[in-house]
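Notes follow once the structure below has been shown.
Values in this text are rule-based calculations from the coordinates and carry no lab data. No experiment lies behind these values; they were computed from the predicted model shown. Using ideal geometry, Cβ is built from the backbone for each residue, glycine included, and neighbour counts are taken over all protein chains shown.
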Amino acid sequence: MSLKNALAPFGIWARALARPYTIPVEDIMRAPADRYRGWHTNDAEACIGCGSCSDICQNAAIDMVVNRDATKGDTGLRPMVDYGRCCWCALCVDVCPSGSLGLSSEYTWVDKDPEVFRYVPGVDKKPWDDDTKGWHGGEWDLINHDRVPMSMLPGETRGQTWAEVVLGYSEEEAQREAARCLECGICTAACPAHMHIPEYIGAIRDGNYEQAVNLIYETNPMPEMCGKVCTRRCEDVCAHAKQGEPVAIRWLKRFATERFDDLREVIKADVAPIGVGKRVAVIGGGPSGITVAYYLAIRGFEVNLYEALPTLGGATFFGIPKYRFPMPSLEKQVDMLRGAGVKLHVNSPVDAALFEELRSTHDAVFIGAGLMRGKAMRVEGEDAPGVVNALTFLLEHHLRNNTDSDKVSKEPVVLPGMKVAVVGGGNTAIDAARVSLRLGASEVVISYRRRKEDMPADWEEIEDAEHENIQIDVQAIPLRIEQTPDGRLDLIWGPAEMVADKPGARPKPVLVEGVENHLVVDRIIGAIGQGPNLRWLSPEAQGTIADKWGWIKVNEDGMTGMPGVFAGGDLVNETADAISAIADGLRVVQGIPRWLGLQ
Amino acid sequence: MTIENPHVEKETQLWVGPQHPGVTGNMAIQVWLTGDTIQRGITHVGYLHRGFEKLMERRKFIQSFPIVCRICVPEPDTNEYLLAASIEELGGITIPEKAVWLRTLVLEMSRLASLVQQIGGGAGATGLGAVPNWTYTLRDYILDSFEELTGGRVYHMYMVYGGVRRDLPVGFAERMEATLRKIEERLPYIDKVTFQSSVWRERTQGVGLTDPAWVKEMGISGPAIRAMGFARDVRRDFPYLAYPELDFSVITSTGGDIYARMEIRRHEVVESIKIIRQVLQKMPKDGPVAAPIPNVFTWRIPTGQTYVRAEASRGEMGYYTVTDGSDKVRRVHVRGASYVHGFAMAERMFEGLNIADLHPTLVSIPTCPPEMER
């Protein structure tokens, strides 16, 4: 052992004069790193209470607790974090679909009371609530917000064909899209029929298509229709929609039902035959009537369904164009009714006398007659030839092309080469415009009084119409219609400016006085809404079940003021879409057995 | 318990641990002594058992990340990497180039933090208080860098399937360089009290010997095998991440004693610093840090199995992972170097050891109990 080695340790005495190596306390209390993962923050207003944070937390540190009333798209729950369990991994932040959850960069928090270390971030106020440092979503997300794109016919050519525009997902695409679902179930609450959405999407993801359609059929007897044309409130509230594109719930339902050519072989209705020996009459073969008829029939009821038109489907038959919902799809659903044993009476309008007969010969009667009266535009010159109502236009068009009805003329209203104006901004307006285009109209203009973002029509429908070169004039208030000397129509309209209305309501269009614009066309189609028409009932019956405008009021079982007479669909439900009608039907499916004392 | 031993008349039984004076203390050694010489010893673990492997079988793939880092406190990132790499292999995910380099950086930073900590631990176990003070401070500087990069100091949870969670913060390389210099500046002083000190040499040379014959029998790796003259290093023998593109040496020594193992660590600190500098220099400046992965709530991985390995500061660490088509792993077997070193090898090393040399020997291996009872 050398002397050098013996003395070496003393070399560190040099450090006695150096600055202390340990860190002074003020350095320890330095600011945390920008992305330090500290105590939670949450934007309680942006949070939708989906519970993804709670699901991903492997420590079960997050409980969803009631914080406010549930609304569509918000469960009213908010995450409560227990810091006895939290390990600050921030997976909750990385999967937060609304981007509301974050971790502040706050290092320390000392308190004598252990209870305070369980709090609801964003609701229980903390000093670090507004800390922009720390770990927040947005920079990098663990979940994929991009939807698998749907293949469609190209916009340029599809104006010349009645073929279905949407081509549907392939199996691989459907499974990939289904795999995006976070299974939060916020959609189920928003769906009027409360369909088992996460469950059937999970079945599609796993390739269990039979299970998927069976889950779908538990709450919806027209899933192929809903899979193609549903107004899909579910997608509006999908957790993915907060920062990206919602799961394509509608297209997935479509995919599942289209897997099977004949659903009768697949659907296993497993319900008790409680209605054997009971008779129910259903008036109207639209979504609500089909729902009531199907679910009562599989429960053993004898169901007679009366439809005025030659074909079932109601508005989904005569209102929705076939490039969106083709006849074979509709027939597939009608076949299910036949398979369930429903007696179908088509071309059978019900009048006051038949109604009374049905009441006396059946244990219950359901009215789902829909809105068969198109609203007038209430502008001067509306009765000029060439001005038609969209409802009449679509009804006649579909009867002419899809049935052998002799009640309509063979001559279409819109002829090739014509220029057409459609007044309105709902789905009916878009449908009328796109049908006109396919009838050969050279130019189609939609004229709407509010802004494009205010249009009640489905945003995809609006996009599709624009891809087909349909022009959309917005903030245009129709003033009057004049006939031009050469036999054309002049739609005179004034520009509107948008004025703020009550909080929560859409801004109102207010006419800018003194300006008149001219739109010279060959046909004007008014598509500004539909109303009820109960004139087929006796005045007494009308007075008992409906208000003076013809809207029917029902109780929580769907029963009208007339005992044993139930109602649903657009006559009852002002939302006037198919899935709400189906939901009404489901209510009556529960209500009729209850009223008959069968449950 | 009565111990049959024909060679001695009186034998003392002693439990060393489980208390927690460092990485050797959260397990227990039961030793039988004659005088102050250990006749034999048995390693007892279980005091830290949390059932990591079993927990992973009940969690969705992503939920295992916050668990695996706890398998080794001083060096959590190796576990993160091995879990990520094995699931990515089975699930068919390729990580972007930038993530490859960031993962290499983090792995090497955690090796460095662990190595300096072990040097301090080794010196501390021989009674030198100043060195652990220095090295734990140095480790804390590295933890500062971890905090800046990953958002966490001790448990980083930085790697996920598909890559890493965040890019380098602005100015990170300069601040990392400052820390590396602090470590380099300190090394000569550490040398003076340990490797150059005749007292310390006396204490560590020829003590805690390993036998090269054990290598094949037990599967020894890391500094323990390199201290017997075998140049084995997973980073060199089974290259992964960006290691093939990096210039570094595999340090060996021939003593097979405490001194040799500590000396290897001392030189590996230098190599590690070299690697970190290269990584920061060669890393692509742009590009994504993570590839998209399937929905973490519903991700299912087809049936498959794989063994992925990496060089931790203690030796070869590996994950043998089996998936069965479900959304959870069927089995993960965590192969930690400490398992071999702490049971088979340590128990042989105890024989004939002076009781005072027990801790320096254990620290020099070293063992990491959570890794043994995962």
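Taking +1 at the Cβ of each Lys and Arg and -1 at the Cβ of each Asp and Glu, which of A:TYR217, A:GLY286, A:ILE430 sits farthest along the dipole of chain A towards its positive end, judged by Cα position relative to the Cα centre?
In chain A, that residue is A:TYR217.
For A:VAL65, list long-range residues whose amide hydrogen, built 1.01 Å from N in the peptide plane, is under 5 Å from its own amide hydrogen.
When sequence neighbours closer than 5 places are left aside, the close amide H contacts are A:ARG78, A:MET80.
Between their Cα atoms, which of A:LYS332/A:LYS548; A:LYS125/A:LYS502; A:LYS375/A:LYS452 are more than 29 Å away from each other?
Numbers: A:LYS332/A:LYS548 38 Å; A:LYS125/A:LYS502 31 Å; A:LYS375/A:LYS452 21 Å.
In this structure, A:LYS332/A:LYS548; A:LYS125/A:LYS502 exceed 29 Å between Cα atoms.
How charged is the neighbourhood of A:ASP458? Take every other residue with its Cβ under 12 Å from the Cβ of A:ASP458, and add Lys/Arg as +1 and Asp/Glu as -1.
Working: positive: A:LYS228, A:ARG232, A:ARG233, A:ARG250, A:ARG324; negative: A:GLU235, A:ASP236, A:ASP431, A:GLU460, A:GLU461, A:GLU463, A:ASP464, A:ASP577.
Net charge in that neighbourhood comes out at -3.
Nothing charged except the Cβ atoms of Lys and Arg (+1) and of Asp and Glu (-1): what's the magnitude of the dipole of chain A about its Cα centre? Round to the nearest 20 debye.
Working: 63 positive and 85 negative charges, 149 e Å.
Dipole about the Cα centre, nearest 20: 720 debye.
Could you list B:HIS267, A:HIS40, A:HIS362 in order of exposure, starting from the residue whose Cβ has the fewest other Cβ atoms within 10 Å?
On the way: B:HIS267 16, A:HIS40 31, A:HIS362 19.
By the 10 Å Cβ count, ascending, the order reads B:HIS267, A:HIS362, A:HIS40.
Which value in Å does the Kirkwood hydrodynamic radius of segment A:373-530 take, with 1/r averaged over all unlike C-alpha pairs and then inverted? All intermediate terms of the calculation are to be shown ahead of the outcome.
Numbers: mean 1/r = 0.0624 Å⁻¹.
Value: 16.0 Å, from the Cα pair sum.
Run the quick spin-label model on A:ASP262 and A:ALA352: label points 7 Å from Cα toward the beta carbon, then report their separation in nm to one decimal.
Placing both labels 7 Å along Cα→Cβ, they lie 4.6 nm apart.
Under a cut-off of 21 Å between alpha-carbon atoms, report the lysines in cross-link reach of B:LYS54, not counting same-chain residues fewer than 8 places apart.
In chain and number order, the partners are B:LYS328.
Rounded to the nearest 0.05, what FRET efficiency is calculated for A:ASP43 and A:GLU516 with R0 set to 41 Å and r the Cβ-Cβ distance? Don't skip to the end; give the middle numbers.
Values: r = 48 Å, r/R0 = 1.17.
Computed FRET efficiency for A:ASP43 and A:GLU516: 0.30.
Rounded to the nearest 5, what % of the DSSP beta bridges within the protein assembly as shown are antiparallel ones? Write down the numbers at each step before the final one.
Numbers: 66 of 98 bridges.
Percentage antiparallel, nearest 5: 65.
Using each residue's phi in segment B:242-255, evaluate 6.51 cos²θ - 1.76 cosθ + 1.60 at θ = phi - 60° and report the 3J(HN,Hα) Karplus result to the nearest Hz, with x for Gly and Pro.
Per-residue couplings from phi come out as 8, 4, x, 9, 10, 9, 7, 9, 8, 7, 10, 8, 10, x Hz.
Rounded, prolate or oblate, given the Cα gyration tensor of segment A:470-591, with a/c below 1.5 counting as rounded?
Values: a/c = 2.89, a/b = 2.06, b/c = 1.40.
Prolate, since a/c reaches 1.5 and a/b exceeds b/c.
Only Lys, Arg, Asp and Glu count, each charged at its Cβ (+1, +1, -1, -1), so figure out the dipole size of segment A:20-143 about its Cα centre, rounded to 20 debye.
Details: 12 positive and 21 negative charges, 32 e Å.
Once rounded to the nearest 20, the dipole reads 160 debye.
Provide the per-residue ³J(HN,Hα) series for segment A:379-387, in order, calculated from phi with Karplus coefficients 6.51, -1.76, 1.60 and θ = phi - 60°, each as a whole number of Hz, with x at glycine and proline positions.
10, 5, x, 5, 8, 5, x, x, 9
Enter the mean number of other protein chain beta carbons within 10 Å of the beta carbon of each residue in B:151-157, as an integer. Intermediate values should be presented prior to the final figure.
Working: counts 14, 9, 5, 0, 4, 2, 6.
The per-residue average across the peptide is 6.
Using a Förster distance of 56 Å, how high is the FRET efficiency between B:SER326 and A:THR544, based on the Cβ-Cβ distance and rounded to 0.05?
Working: r = 59 Å, r/R0 = 1.05.
E(calc), rounded to 0.05, equals 0.45.
From the square roots a ≥ b ≥ c of the eigenvalues of the alpha-carbon gyration tensor of segment A:158-265, which class results: rounded (a/c under 1.5), prolate (a/b over b/c), or oblate? Could you put the intermediate results ahead of the total?
Values: a/c = 1.42, a/b = 1.15, b/c = 1.23.
Here segment A:158-265 falls in the rounded category.
Whose amide H sits under 5 Å from the amide H of A:ILE472, counting only residues 5 or more places off or on another chain, with H placed in the peptide plane?
A:ILE446
Evaluate the relative contact order of segment A:158-265 (contact order divided by residue number), counting alpha-carbon pairs under 8 angstrom at least 6 apart; express in whole percent. All intermediate terms of the calculation are to be shown ahead of the outcome.
Values: 142 pairs, mean separation 31.9, N = 108.
Rounded, it is 30 percent for segment A:158-265.
Kindly list the residues of segment B:185-210 that lie in the label zone of B:HIS267, defined by a backbone N under 16 Å from the point 7 Å along the Cα-to-C-beta vector.
B:191, B:195-196
What ranking of B:THR179, A:THR291 emerges when the number of other C-beta atoms within 10 Å of each C-beta is taken as an exposure proxy, fewest first?
Values: B:THR179 20, A:THR291 30.
Fewest to most other Cβ atoms nearby, the residues stand as B:THR179, A:THR291.
Using R₀ = 41 Å, calculate the FRET efficiency as 1/(1 + (r/R₀)^6) where r is the Cβ-Cβ separation of A:ASP124 and B:HIS44; round to 0.05.
Values: r = 45 Å, r/R0 = 1.11.
Step by step, r from the Cβ atoms, then E = 0.35.
Hey, can you grab everything whose amide H is under 5 Å from the amide H of A:VAL423? Only 5+ residues off in sequence or another chain; H modelled, so Pro and N-termini drop out.
Distant-sequence amide H within range of A:VAL423: A:SER447, A:ILE525, A:GLY526, A:ALA527.
Under a Cβ-Cβ cut-off of 10 Å, what is the net charge of the residues other than A:GLY76 that fall near it, where Lys and Arg count +1 and Asp and Glu count -1? Before the final figure, lay out the partial values.
Details: positive: A:ARG68, A:ARG78; negative: A:ASP69, A:ASP74.
Around A:GLY76, the charge tally is 0.
Select from B:LEU168, B:LEU241, B:LEU149 the residue whose mean-square fluctuation is largest in a Gaussian network model of chain B (Cα-Cα springs shorter than 10 Å).
Of the options given, B:LEU168 has the highest mean-square fluctuation.
Based on other C-beta atoms within 10 Å, arrange A:VAL510, A:VAL95 from fewest to most. Don't skip to the answer; put the middle values down first.
On the way: A:VAL510 13, A:VAL95 24.
Ordered by Cβ neighbours within 10 Å, fewest first: A:VAL510, A:VAL95.
Where does helix B:172-193 land angle-wise versus the long Cα axis of chain B, in degrees 0 to 90, nearest 10?
10 degrees
Taking Rh as the Kirkwood radius computed over C-alpha pairs, what is the Stokes-Einstein D of segment B:51-334 at 37 °C in a medium of viscosity 0.692 mPa s, expressed in µm² per second? Each step should come with its number before you reach the end.
On the way: Rh = 19.6 Å.
So the translational diffusion coefficient is about 167 µm²/s.
If I model a spin label as a point 7 Å beyond the Cα along the Cα-Cβ vector, how far apart are those points for B:GLU351 and A:VAL116 in nm?
With each label point 7 Å from Cα toward Cβ, the separation is 6.0 nm.
What lysines could a cross-link reach from A:LYS242, if we take a straight Cα to Cα line under 20 Å and drop same-chain neighbours fewer than 8 places away?
Those lysines meeting the cut-off are A:LYS72.
Let me confirm one metric for peptide B:292-302, namely the mean number of other chain beta-carbon atoms within 10 Å of its residues' beta-carbons.
Details: counts 5, 3, 5, 13, 10, 12, 10, 1, 3, 0, 0.
Per residue, the number of nearby Cβ atoms from other chains is 6 on average.
Tally Lys/Arg at +1 and Asp/Glu at -1 over every other residue whose Cβ is under 11 Å from the Cβ of B:LYS274; what's the total?
On the way: positive: B:ARG277; negative: B:GLU108, B:GLU184, B:ASP247, B:GLU268, B:GLU271.
Around B:LYS274, the surrounding residues sum to -4.
Using a Cα-Cα cut-off of under 20 Å, which lysines could be cross-linked to B:LYS192, ignoring same-chain neighbours fewer than 8 residues away?
A:LYS4, B:LYS182
Specify the angular offset, from 0 to 90 degrees and rounded to the nearest 10, of the alpha carbon long axis of helix B:258-282 from the longest principal axis of the alpha carbons in chain B.
10 degrees
If I model a spin label at B:ARG277 and A:THR157 as a point 7 Å from the Cα along the Cα→Cβ vector, what separation in nanometres do I get?
6.4 nm
Any idea what Rg and Dmax come out to for the protein assembly as shown if you just take the C-alpha atoms, in Å?
Both quantities, over Cα of the protein assembly as shown: 38.0, 131 Å.
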